[in-house]
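Read the structure below first, then the notes.
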Amino acid sequence: MNETPRFDAYRHAIPDPLLPQRNDPFDAAVPPIYQTSLFLFDSYKELEDVFAGRSKKPIYSRGDNPTVQLLESRIVEMEGAEAARAFASGMGAIAAAVLAFVGPGDRIVTVRHVYSDAFRFFEKVLKRFGVIVDYIDGTDTEAMIAALPGAKLAYLENPTSMVFELQDLPAIAEAARRHGVVTIVDNSWATPLYQNPLALGIDIVIHAASKYLGGQSDTVAGLVAGSKAHIDRINSEIYPYTGAKLAPFEAWLVLRNLETLPFRLRHHHEAGLEVASWLKAHEEVTNVMHPAFCEHPGKRTFSGFGGLFSFEVSDRIDVAGFVDALGLIRIGVSWGGPESLVVPAKAALSISPETNVFARFGVSDRTIRLNVGLHTAAAIIADLQQALLASKR
Ligand SMILES: Cc1ncc(COP(=O)(O)O)c(C=O)c1O
């Protein structure tokens with residue numbers, strides 16, 4: 001793909017949110033929030049039909065809730081999956097999907113620069129249960145494929161966090177299938193509009209719906225989508241027992257905010273590229289880590305780009321002074337919402353070293369992650385420009 005990819009956000013038209021709700025007695029334009037923990041039964045027979053699997057009627061909202069199920073059906077359509085499950089957070093989704101497929105003594109293969117709390121989950125939780133975790137340079141497809149034989153699971157994130165390294169998903173997925181390794185991809189950055197891992201041969205897709213799918217910095221939510229067999233396994237092994245269910249209101253917020261996803265993403269894609277190109281040409285910027293500027297085969301699986309990327313400033317810039325000089329752009333660790341945000345790696349490097357993914361895999365303390373929000377590229381550039389000037393030593 002060249003540097004300005006085809007804008008293709010409407011390739012997967014977002015389905016009508018009311019399709020499964022056509023029997024709404026009032027023809028409500030927006031789906032109702034089933035704010036209930038409990039569902040009642042009229043007879044012994046009705047209850048037994050549910051327990052025996054003959055009826056799909058919800059029983060209790062820690063399992064199923066119609067508002068949450070509506071969100072699950074939307075991600076099924078958007079990712080071209082057979083089934084999906086919503087979770088209380090992206091981490092709830094990641095933990096459940098991984099725990100459903102690994103046990104003591106198993107080995108998983110993942111990428112260096114994986115999302116920091118996924119890294120901590122691997123280091124603090126999985127390792128405690130005797131799971132071996134191999135961190136590989138995901139850009140090196142041969143090294144990834146060489147690590148697969150004997151592994152139970154390959155956990156990918158395309159692109160990775162903070163430094164935005166790419167992986168060749170079709171090549172890794174094909175090799176993983178040959179070796180019987182289950183593949184998971186965190187697709188939060190690209191969203192289903194810009195990358196469809198399942199169509200590339202990946203088994204399971206994860207979304208931190210707290211980011212672009214939620215899109216308003218008002219919700220923490222997670223989604224897992226895949227084949228019926230894989231989601232059934234997550235449902236039967238983990239989901240009801242760890243209790244990381246999504247609340248109906250949170251599901252409704254994501255459903256509502258999905259309506260604007262193509263428009264928001266188009267802006268993040270276009271403004272992100274404009275700001276990244278401006279930074280690339282700036283004399284005090286030594287590196288821009290945006291997938292558009294990578295020469296890697298993994299780039300071909302994106303039909304557009306998120307607005308989150310990183311850049312490194314020269315040693316003439318005082319990093320703390322630069323961050324403090326920003327005005328429009330705020331300091332904040334999440335991304336995918338309307339705000340334009342920075343996270344300086346220098347501050348993140350001060351987190352205790354034993355579970356610090358940035359220290360472990362060598363992120364430079366001159367790296368700044370930038371979330372291009374819904375501001376214009378011109379406004380963001382003006383703020384970056386004045387802060388670079390103000391922080392020059
Ligand atoms: C790439 C990525 N994946 C997963 C997560 C976890 O999502 P949540 O915060 O909803 O648990 C995040 C959160 O920052 C993230 O950036």
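Miscellaneous remarks
- Residues of region 47-72 satisfying the condition of being among the hydrophobic types (A, V, I, L, M, F, W, C) and more than 16 Å from the ligand (Cβ to nearest atom): Leu47, Val50, Phe51, Ala52, Ile59, Leu70
- None of Ala221, Ala244, Ala199, Ala292 is touching a strand residue (DSSP E or B) at 6+ places or on another chain (Cβ under 6 Å) and either open to solvent by less than 10 Å² (accessible area, probe 1.4 Å) or in contact (Cβ under 8 Å) with a residue 40 or more places away in the chain (or both) except Ala244.
- Condition check for Leu273: buried (at least 18 other Cβ atoms within 10 Å of the Cβ) and out of contact with any strand residue (DSSP E or B) (no Cβ under 6 Å at 6 or more places or on another chain): yes
- Positions within region 118-149 being closer than 25 Å to His296 by Cβ and within 18 Å of the chain's Cα centre (by Cα), in sequence order: Ala118, Phe119, Phe122, Gly138
- Inside region 73-83, residues that are in a helix (DSSP H, G or I) and either within 14 Å of the ligand (Cβ to nearest atom) or surrounded by 23 or more Cβ atoms within 10 Å (Cβ to Cβ) (or both) make up a count of 4.
- Out of Ala171, Ala154, Ala176, sole residue that is within 18 Å of the chain's Cα centre (by Cα) and among the small types (Gly, Ala, Ser): Ala154
- In region 217-237, the residues that are at pLDDT 95 or above, in contact with a Leu (Cβ under 9 Å, 6 or more places away or on another chain) and either of a type outside the set (A, V, I, L, M, F, W, C) or more than 13 Å from the ligand (Cβ to nearest atom) (or both): Asp218, Thr219, Gly222, Ala225, Gly226, Ser227, Ile234
- Being within 16 Å of the ligand (Cβ to nearest atom), touching a residue at least 40 places away in the same chain (Cβ under 8 Å) and on the phi > 0 side of the Ramachandran plot holds for only one residue in Gly298, Gly272, Gly307, Gly336, and it is Gly336.
- Residues that are more than 9 Å from the ligand (Cβ to nearest atom) and within 15 Å of Gly306 (Cβ to Cβ) within region 206-216 comprise Tyr212, Leu213, Gly215, listed in sequence order.
- Sole residue being open to solvent by less than 50 Å² (accessible area, probe 1.4 Å), within 16 Å of the ligand (Cβ to nearest atom) and of a type in the set (A, V, I, L, M, F, W, C), chosen from Leu255, Leu261, Leu265: Leu265
- Pro170 being under 19 Å from Glu79 (Cα atoms), touching a residue at least 12 places away in the same chain (Cβ under 8 Å) and within 12 Å of the ligand (Cβ to nearest atom): no
- Within region 236-278, the set of residues being part of a helix (DSSP H, G or I) and under 19 Å from Asp186 (Cα atoms) comprises Tyr239, Val254, Leu258, Leu261, Leu265, His268, His269.
- Unique residue being closer than 21 Å to His230 by Cα, among the hydroxyl-bearing types (Ser, Thr, Tyr) and at pLDDT 95 or above when the list is Tyr155, Tyr135, Tyr212, Tyr194: Tyr155
- Every residue from region 238-248 that is under 14 Å from Leu71 (Cβ atoms) and away from the ligand (no atom under 16 Å from the Cβ): Pro248
- Residue check, Gly63 assigned by TED's automatic domain parsing to the domain that holds Gly243 and on the phi > 0 side of the Ramachandran plot: no
The values are calculated or read from the model by the stated rules, or taken from the named source; none is laboratory data. In this text, all values refer to a predicted model and were calculated from it rather than measured experimentally. Note: ideal-geometry Cβ built from the backbone for every residue, glycine included; neighbour counts use all protein chains shown. Note: accessible area is taken over every heavy atom of the protein model, side chains too, but ligands, DNA and RNA are not part of it. Shrake-Rupley method; radii C 1.70, N 1.55, O 1.52, S 1.80 Å.
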